[in-house]
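The values are calculated or read from the model by the stated rules, or taken from the named source; none is laboratory data. Quantities reported herein were computed from a predicted structural model and do not represent experimental measurements. Positions of Cβ are generated from backbone atoms using ideal geometry, with glycine treated the same way; all protein chains shown enter the neighbour counts.
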Amino acid sequence: MIDRRQAMAALGAFMAVEGYALAAPRRSGGTGVGGGGSRGGAGGEPFSWDWLKGHAAAMARSRATPLPKPDPRALANDYDAANRIGFRPEKQIFADDGYGVRLFPLLRAAPVPVDISIVERGRARRIEHSEDMFEVGPGEGSAPHVLRGISGFRVMNEGGVGDWLAFLGASYFRSAGTLHQYGLSARGLAIDTGIDGKEEFPAFTSFWLERTGAGLTIYALLQGPSVVGAWRFVTRMTDAAVVQDVSSAIWLRRDVERLGIAPLTSMFWYDEGNPQARADWRPEIHDSDGLLIHNRAGERLWRPLGNPPRPTINVFADPQGGSAFGLLQRDRNFDHYQDDGVFYEKRPSLWVEPKGDWGPGAVMLYEIPTNRETDDNVVAFWTPDRPATAGSTFTFDYRLRWLPGEPPAGSQSPAQSQSPAPAIAPARVVDRWTGTAGRPGLEPIANARRLVVDFAGPALKGLDRQSGVTAAVSIDQGRLLTVDAYPVVGQPGRWRMIADVTRSSRPANLRATLERNGRALSETVIHQFY
């Protein structure tokens with residue numbers, strides 16, 4: 001088990017080793033399979049997805065064994081030292097066709113070794129560490145320790161300049177997407193997230209990599225005090241997104257109070273919508289700016305992210321199950337960030353599409369306070385209503401899309417949606433601001449706040465004040481004072497909703513949707529006043 005800050009720190013090594021993800025030049029040819037020796041005989045050991053599930057099930061029934069311990073010498077490989085250690089390009093695993101794999105050394109941020117094997121024609125050969133896998137580049141500071149062990153791996157762009165997918169630390173992984181910029185992360189599993197003193201970080205301890213005609217298939221064994229699990233990621237890069245079809249099988253060793261499926265982890269410090277929270281010269285700083293949910297009733301919910309004064313959990317129940325959800329970075333305007341070093345406007349969005357029957361449950365959003373951009377302080381995941389008791393088995397299949405924009409309109413199968421897709425997509429929330437309540441130029445309304453939300457999309461084009469568009473607004477704490485909705489002058493297809501509400505001693509959730517004749521024209525925005 002590791003605490004949250006240590007788990008988040010492991011992600012820093014993605015950037016630390018050989019720099020940021022970059023667009024790659026095109027180059028043909030391949031390097032074949034390299035990266036040290038292998039074990040398991042000339043033909044390796046038999047391997048399949050069914051074998052891995054059976055192996056995980058058998059481990060769950062046996063007595064738990066301690067996980068590998070961090071190598072204390074790896075703790076000396078800080079950011080500067082890690083930046084000087086590189087995997088030798090000639091040792092790359094698989095051809096240089098956009099799916100070549102290179103390995104991470106043991107680092108302060110990822111000091112626990114993992115096993116990695118190559119699968120070919122149904123047989124697995126484990127990669128053995130060799131002294132010449134890594135090389136140390138020039139630089140100042142303490143000499144890095146190149147230790148016997150591998151902490152993870154990454155998938156390289158064609159030509160070997162930068163990477164687009166990486167697995168490193170606990171069960172974390174992430175993709176740079178089609179905009180070639182890392183941002184938020186995913187995890188294999190979340191256990192007791194948001195429960196003080198109980199959160200557990202199970203780890204992928206073994207990987208099996210198989211190059212297929214469709215891309216790269218990654219198999220992983222997950223272990224922790226409470227769980228053993230098997231994961232399969234069928235991964236491919238397309239022009240529109242990085243897509244991963246995920247299968248998971250989970251066996252619980254002991255009771256888990258909150259089981260988190262398909263967890264997503266991101267960072268939100270502040271945005272333009274709340275100017276009082278701005279603490280840096282840059283106008284806004286975040287990897288994601290909202291949680292989007294498409295539920296089976298056909299409703300689309302947009303919950304802007306926040307930086308709360310205390311840890312906060314929001315629950316979005318779905319009695320039917322199968323809600324698609326994701327953490328999105330909608331604001332793609334460089335001027336809104338003014339960061340020419342880490343390019344927040346290029347951070348990918350991550351969308352989860354359930355497959356099959358997930359049963360009743362809820363999407364949970366956990367936000368914790370932060371005062372810097374180096375802490376991941378936002379987690380979103382699905383939690384089933386079914387009790388997660390010792391001896392239970394769970395299986396979940398889903399698709400992950402690492403996107404540069406919005407998820408596709410048909411991101412749920414007909415079996416998962418009880419309502420037909422609208423002929424015209426609902427208008428999206430494109431801007432949001434908070435401030436003092438009351439008419440500009442007059443005295444502000446005492447003990448009240450204002451929310452301003454802009455919606456835009458084809459569903460609103462051609463509509464004016466005489467078209468019968470109204471804002472359906474409700475609030476669960478405090479009192480709604482005034483509501484207005486109108487088209488923004490000179491901006492076709494863009495409408496503005498303004499609501500003034502009284503302050504409350506408790507967090508207040510305001511829901512707002514633009515409607516016409518009882519039919520929703522927009523997403524439902526859920527804004528939380530602290």
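Considering only residues that are in contact (Cβ under 8 Å) with a residue 40 or more places away in the chain and basic (Lys, Arg), look in the stretch 263-299 and name the one that is farthest from Gly356 (Cα to Cα).
Taking the candidates together, the pick is Arg282.
Search the stretch 243-274 for residues being of a type in the set (D, E, K, R) and under 23 Å from Asp192 (Cα atoms), and hand back the single one that is nearest to the chain's Cα centre (by Cα). Explain how you work it out, then say what you get.
Filtering the stretch 243-274 for residues of a type in the set (D, E, K, R) gives 245, 253-255, 257-258, 271-272.
Checking which are under 23 Å from Asp192 (Cα atoms) leaves us with 253-255, 257-258.
Values: Arg253: 26, Arg254: 27, Asp255: 26, Glu257: 22, Arg258: 18 Å.
Across the stretch 243-274, the extreme among qualifying residues is Arg258.
Find the residue count for the stretch 447-456, including only residues that are surrounded by 20 or more Cβ atoms within 10 Å (Cβ to Cβ) and either not hydrophobic (A, V, I, L, M, F, W, C) or not assigned by TED's automatic domain parsing to the domain that holds Ala520 (or both).
Number of matching residues: 1.
Only one residue in Asp464, Asp431, Asp484 is surrounded by fewer than 19 Cβ atoms within 10 Å (Cβ to Cβ) and under 29 Å from the mean Cα position of the chain (by Cα), so which one is that?
The unique qualifying residue is Asp431.
Go through the stretch 226-276 and give me each residue that's among the aliphatic types (A, V, I, L, M) and assigned to a loop (DSSP other than H, G, I, E, B).
Result: Ala240, Ala241, Met267.
Yes/no per residue for (1) among the charged types (D, E, K, R); (2) out of contact with any strand residue (DSSP E or B) (no Cβ under 9 Å at 6 or more places or on another chain); (3) crowded, with 16+ Cβ neighbours inside 10 Å:
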residue: Leu75; (1), (2), (3): no, yes, no
residue: Ile93; (1), (2), (3): no, no, yes
residue: Gly98; (1), (2), (3): no, no, yes
residue: Val101; (1), (2), (3): no, no, yes
residue: Arg108; (1), (2), (3): yes, yes, yes
residue: Asp132; (1), (2), (3): yes, yes, no
residue: Glu135; (1), (2), (3): yes, no, no
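Does the stretch 298-317 contain at least one residue that is within 15 Å of the chain's Cα centre (by Cα), closer than 22 Å to Ala520 by Cα and either part of a loop (DSSP other than H, G, I, E, B) or at pLDDT below 95 (or both)?
No - not one qualifying residue is present in the stretch 298-317.
Being within 33 Å of the chain's Cα centre (by Cα) and of a type in the set (A, V, I, L, M, F, W, C) is the filter here, so list the residues in the stretch 434-461 that pass it.
Within the stretch 434-461, Leu451, Val452, Val453, Phe455, Ala456, Ala459, Leu460 qualify.
Restricting the search to the stretch 280-301, which residues are more than 19 Å from Glu345 (Cα to Cα) and not β-branched (Val, Ile, Thr)?
His294, Asn295, Arg296, Ala297, Gly298, Glu299, Arg300, Leu301
Only residues that are over 24 Å from Pro308 (Cα atoms) and not in a loop (DSSP other than H, G, I, E, B): list them for the stretch 484-512, please.
Asp484, Ala485, Tyr486, Pro487, Arg494, Trp495, Arg496
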